[in-house]
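The block underneath contains the structure these notes are about, expressed in structure tokens.
The values are calculated or read from the model by the stated rules, or taken from the named source; none is laboratory data. Bear in mind that the values here come from a model prediction, so they are computed numbers and not experimental data. Cβ coordinates were reconstructed from backbone atoms using ideal geometry, including for glycine residues, and neighbour counts include every protein chain displayed.
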Amino acid sequence: MTSVQTVQSPSSASEGTKGQRLGKLRDRAGTIGLRLPLAGWMFLLVLAPLGLLLIYSFWQSDNGLTVRHWNLENYRSVVASKTYRVLLWRTLYTAVCSALLATSVAFPMAYFVSRRLRRHKLTAVLLIIIPLWVSLLLRIFAWKVILGENGFLNSALMDAGIIHQPSTAFLYTRFTVFLTLTYIAIPFVFITSYTAIERVPHSLIEASQDSGANGWRTFTNVVWPLTKQSVAIGFSLALLIAVGDYVTPQLVGGLDGTMLGSVIASQFGLVGNWPLGAAMSCVLLVAVFALLAIVVRAARVRGVLDSEADSGTPPRTWRGTGLGSRVRTGAAWVLFVCPYVVLYLPLFVIVLFSFNNSTAQSLPLAGFTLSWYKSVWSDSGIMEALRQTIEVGVGVVAVGSIVGTYFALVFSRARSRGAALSQAVLTLPVLLPGVVLGLALAITFQVGGIQPGTTAIILGHATFVVPVMMLIIVARLRRLDPSLAQASMDCGAGHIRTFWYVIFPEIRSALIGAALLGFTLSFDEVIVTFFLVGPTPTLPVYIWNQVRFGFTPEVNAVFTIIGLISLMAILAAGRILRSDLFGRRQPA
Amino acid sequence: MAVAADAQQGELNVRPTNGRGEDGVGGPPVLALRQVTKSYEPGRPPAVAAVDLEIRPGEFFSLLGPSGSGKTTTLRLIAGFESPDQGSVFLDGIDVSRVPPYKRDVSTVFQSYALFPHMTVEKNVSYPLRMRGIAVDERARRVGEALELVSMTDYRARLPHQLSGGQRQRIALARALVSRPSVVLLDEPLGALDLQLRQQMQIVLKHLQRDVQVTFIYVTHDQGEALAMSDRLAVMNEGRLEQLGTPSDVYYRPSTRFVAGFIGKSNLLACTGEGQVASTVVGPMRFELLEPLNGPATLAIRYEAFSVGPSSTEVGLAPNQFVAVIREIIFLGDGIELVLACGEQQLVAKCSSVDGAGYRLGDSVVVSVRPEDIVVLRD
């Protein structure tokens, strides 16, 4: 069968070429047909929102209604206003500082985990990821409890006799915003750094030691040059998250800590001046991407790192037995554990207050109660929001699994420049600051006639969940032996049966991992969702409204439960994914 | 301890070799392993078990064995990437078992070459000098020398991914030699190259080693490579040293069944000895020996040690001469391998392509072996 299809008879040349031409044409049509959904997605959900954002920025708002009157008025007011200039500068400055601090905390941690830990590596990595499963908003809100006037920090300092009166200096400052943004960014920088460090072949480290370089010089000469590109990506991620965040500044920043994101968000909400918001978004985008271009350029490395498989034991670290080196090792451990304490402190606060018999989220504790847990079930607002969140999450994962796998199959085969470009375009929403993406999508859906609500949220989340899931699946597909598919086709299976019987079983665990990640991303999203939400809020938006307008500790109970469930889920998933993501195959 | 070491030596049947001493490269050992044991996982057999080894200055020494025999672990113990559970590693008479690799005067040529991908050829080669704090102009001079040594002077500015496998190999070699270490360790350095390039590099390596007069310790699973290049070699199996000696020692006088089976093609015949005569368990074939043997043993006979001739005269079979039937003919190019049946006993023999041209399956032939080519292995 196969031979008949592939080998073209050389006889009757003219007919042959005609047939070949027809066949080529059909192939081409087939390829275009296969890529049509991809092009549609890229146009409708990436390019259109960005284009509309740009167009809107040249229009005007008249009492909350957008008027199609082309001019540069918005840009003039953005540039002319000192407030906006200060805000833009403050936003970039705070974001860069927090990304820097997050990097300088997360990279050494990742290095420590990768090079010093053996058996508990996976646990150490999971412990950093797990907090991501508990509502970001609640974790930020918990910082208020820690840093506030009656908070933990003040009580501890007063108990220690360092201060005599509770200080208000810890909350509602730009410094608080900076610290909280750092806290948010650490896990993301950690993961990018960790995977990069793990990818440095053992033999290179050994070759460096062999050449007479001790641990430090091996690090500066070999490990850092080979990982700094990934660290720059982690840094950029942290920067983008910080720039697009309006939730943190509003929660812990107070008036002093306001950032540009908050102003953009308020153009959508209170003020209703979308064109001005769009103009500010465009200015922010240009500024941020200029900054990132510099960072990425600075981190460029020459040379190509072969992804050779490492075998055997990882290179050992030589430590002296003297007192000095023992003290140093001890200090390293203490420094290593500190970020974990910081990561888990908010979670501790959430759990603690879920049992606290008071509606106020502040110290001193009022006594033990289970009433918040009981009232969760009877609170229709929370339950409705939870149902909506899960509905959205399932929808996003369904879309992401099908579309993401489809796109992954297309991209894993295409290696042209065009393919690389369209992959970059498709991934763009991941790189957009949240507030910008939110506004752009809100504009697009309004133009496209999609009402705010479940569909809008699912589509909105899909813009950044699909590329993430796709990238994970592409990575898996690229590692797949291409002769597997050829063997299957050689055995007489068509494309669909080859996918179903051969490819799918191979990518299944990657798909499950991608789906879990996609669900997490959707489940906790508030910044973009806020722009798309209809009459029924999702849980994060519900909490966002609550922490702004009146808090009930029931959400603490909800997230204690969710935290427990996700802890179990991630431990189970960790089992499944262990071999796929982290494990090197052990010899039998 | 000394007693244990002696017992070990006796069991391993280490022969005193005088190969290098005569060439004037002798002297005290540059490297010595004493009862070195290393296991990676408790409860599993050790990767290296009680290995004793002495390597002389300027020697080309090979560690030969199948995969998993512990040869790479031995190399890593010498380099300092692992430290022994028991026993010690001595470099120039000093115990370096707890000395980190960056303070040992050895350098390694890695199987994967391990060239730093972000550094040019020049930077790669000068790296060991830079790490040892050697002055810039001295560095440039020695890098130039090292690159000249491997004929790669024109490639200074290239990055590793712009080089072919053989070129990377040369750069790895230059990087290992540039700091003039007392010992260079080579971990299957030719494993990734194709056959022709490998043979070419074997000669390059051998010449280089002779020129720079540095001790080479060479790990390989390729017996041909080990025999061709080494002054002495150690055959390893399951973490133990099976035999230590010159290539011809190991080839012609294997001391264990494993060595006889691993190096070259041998007939291993189980037999029982009575005085000067040994008869195979199946067969039966009767061999006359040079030395008396009593009780069970294994006879090891190289397949090329048999001479095969047409069985025109059935009468008057001399001692160690047998009639056999051809069961299989394998064309090797430079010869012909014959699988023969002598009664129940199967044999492999080799004859030249010219002699074997006329043989057909089922033909009867006469095979004979000289008594001095029979190696007796007592089980």
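Just to be sure, is A:P187 at pLDDT below 90 and more than 14 Å from every other protein chain (Cβ to nearest Cβ)? No. Is it the case that A:F268 is away from chain B (no Cβ under 14 Å) and modelled with pLDDT of 85 or more? Spelling it out, it is not the case that A:F268 is away from chain B (no Cβ under 14 Å) and modelled with pLDDT of 85 or more. Considering the conditions (1) at pLDDT 90 or above; (2) touching a helix residue (DSSP H, G or I) at 6+ places or on another chain (Cβ under 6 Å), A:I402 is excluded by exactly one of them, (2).
When residues in the stretch B:81-116 are screened for being among the small types (G, A, S) and under 17 Å from B:V48 (Cβ atoms), 4 of them pass.
The set of residues in the stretch A:190-203 being within 7 Å of chain B (Cβ to nearest Cβ) and modelled with pLDDT of 90 or more is empty. Taking the conditions exactly as written (assigned to a loop (DSSP other than H, G, I, E, B), of a type in the set (F, W, Y) and at negative phi), does A:F141 satisfy them or not? So A:F141 does not fit the description; no.
In the stretch A:463-500, of all residues being free of Cβ contacts under 8 Å to residues at least 40 places away in the same chain and closer than 30 Å to A:L432 by Cβ, the one that is surrounded by the most Cβ atoms within 10 Å (Cβ to Cβ) corresponds to A:A475. Of all the listed residues (A:L284, A:L226, A:L292, A:L237), the sole one being within 30 Å of B:V178 (Cβ to Cβ) and in contact (Cβ under 8 Å) with a residue 40 or more places away in the chain is A:L226. The numbered conditions (1) modelled with pLDDT of 90 or more; (2) at positive phi are all true for B:A260 except (2). Total residues in the stretch A:55-73 satisfying the condition of being aromatic (F, W, Y) and more than 16 Å from A:G272 (Cα to Cα): the figure is 1. The set of residues in the stretch B:154-168 being among the polar types (S, T, N, Q), under 24 Å from B:A140 (Cβ atoms) and surrounded by fewer than 16 Cβ atoms within 10 Å (Cβ to Cβ) consists of B:Q162 alone.
Determine which member of the set B:P66, B:P117, B:P84 is assigned to a loop (DSSP other than H, G, I, E, B) and surrounded by fewer than 16 Cβ atoms within 10 Å (Cβ to Cβ). One residue alone meets the criteria, B:P66. Considering only residues that are surrounded by 12 or more Cβ atoms within 10 Å (Cβ to Cβ) and modelled with pLDDT of 75 or more, which ones fall in the stretch A:309-332? Listed by number, the residues that qualify are A:S325, A:R326, A:R328, A:T329, A:A332.
Of all the residues in the stretch A:188-198, those that are surrounded by fewer than 21 Cβ atoms within 10 Å (Cβ to Cβ) and either free of Cβ contacts under 8 Å to residues at least 60 places away in the same chain or touching a Leu at 6+ places or on another chain (Cβ under 7 Å) (or both) number 1. For the structure I just gave you, tell me whether B:L129 is in contact with a Ser or Thr (Cβ under 8 Å, 6 or more places away or on another chain), more than 19 Å from B:T220 (Cβ to Cβ) and either within 13 Å of another protein chain (Cβ to nearest Cβ) or free of Cβ contacts under 8 Å to residues at least 12 places away in the same chain (or both). For B:L129, the condition - in contact with a Ser or Thr (Cβ under 8 Å, 6 or more places away or on another chain), more than 19 Å from B:T220 (Cβ to Cβ) and either within 13 Å of another protein chain (Cβ to nearest Cβ) or free of Cβ contacts under 8 Å to residues at least 12 places away in the same chain (or both) - is met.
From the list B:G273, B:G264, B:G245, the lone residue that is buried (at least 16 other Cβ atoms within 10 Å of the Cβ) and more than 24 Å from B:L227 (Cα to Cα) is B:G273. In the condition set (1) more than 25 Å from the chain's Cα centre (by Cα); (2) closer than 26 Å to A:L352 by Cβ; (3) not aliphatic (A, V, I, L, M), A:P131 is compliant with all but (1).
One residue stands out in the stretch A:204-223 among those that are of a type in the set (A, V, I, L, M) and in contact (Cβ under 8 Å) with a residue 24 or more places away in the chain: the one that is farthest from the other protein chains (Cβ to nearest Cβ), namely A:V223.
So in the stretch A:37-76, with the set limited to residues that are assigned to a helix (DSSP H, G or I) and modelled with pLDDT under 85, which one is surrounded by the most Cβ atoms within 10 Å (Cβ to Cβ)? Among those residues, the one meeting the criterion is A:N74. Entry remark, the stretch B:326-376: residues being within 19 Å of B:R257 (Cα to Cα) and surrounded by fewer than 18 Cβ atoms within 10 Å (Cβ to Cβ) number 5 in total.
B:R76 passes every criterion in (1) part of a strand (DSSP E or B); (2) buried (at least 21 other Cβ atoms within 10 Å of the Cβ) apart from (1). Screening the stretch B:92-113 for residues that are among the charged types (D, E, K, R) and loosely packed, with under 14 Cβ neighbours inside 10 Å and picking the one that is nearest to B:L53 (Cα to Cα) gives B:D95. Of the residues making up the stretch B:222-242, just one is within 27 Å of B:S39 (Cβ to Cβ), surrounded by fewer than 18 Cβ atoms within 10 Å (Cβ to Cβ) and under 11 Å from the mean Cα position of the chain (by Cα), namely B:D222.
Report yes if some residue within the stretch B:154-163 is charged (D, E, K, R) and within 18 Å of A:S211 (Cα to Cα); otherwise report no. No, the conditions are met nowhere in the stretch B:154-163. When residues in the stretch B:87-114 are screened for being away from chain A (no Cβ under 12 Å) and in a strand (DSSP E or B), 7 of them pass.
Of the strands (runs of 3 or more DSSP E) contained entirely in the stretch B:142-250, those carrying at least 3 residues that are away from chain A (no Cβ under 14 Å) fall at B:215-220, B:232-237, B:240-245. The lone criterion from (1) surrounded by fewer than 23 Cβ atoms within 10 Å (Cβ to Cβ); (2) under 19 Å from A:W377 (Cβ atoms); (3) modelled with pLDDT under 85 left unmet by A:G550 is number (2). Of all the criteria given as (1) at pLDDT below 90; (2) touching a helix residue (DSSP H, G or I) at 6+ places or on another chain (Cβ under 8 Å); (3) within 30 Å of A:L147 (Cα to Cα), the one not satisfied by A:L255 is (2). For the stretch A:384-405, give me each residue that is surrounded by 14 or more Cβ atoms within 10 Å (Cβ to Cβ) and either farther than 18 Å from A:G453 by Cβ or among the polar types (S, T, N, Q) (or both). Matches in the stretch A:384-405: A:Q388, A:T389, A:V397, A:G400, A:S401, A:V403, A:G404, A:T405. Among the numbered conditions (1) within 14 Å of another protein chain (Cβ to nearest Cβ); (2) polar (S, T, N, Q); (3) buried (at least 23 other Cβ atoms within 10 Å of the Cβ), tell me where A:Q229 comes up short. (3) is the only condition that A:Q229 fails.
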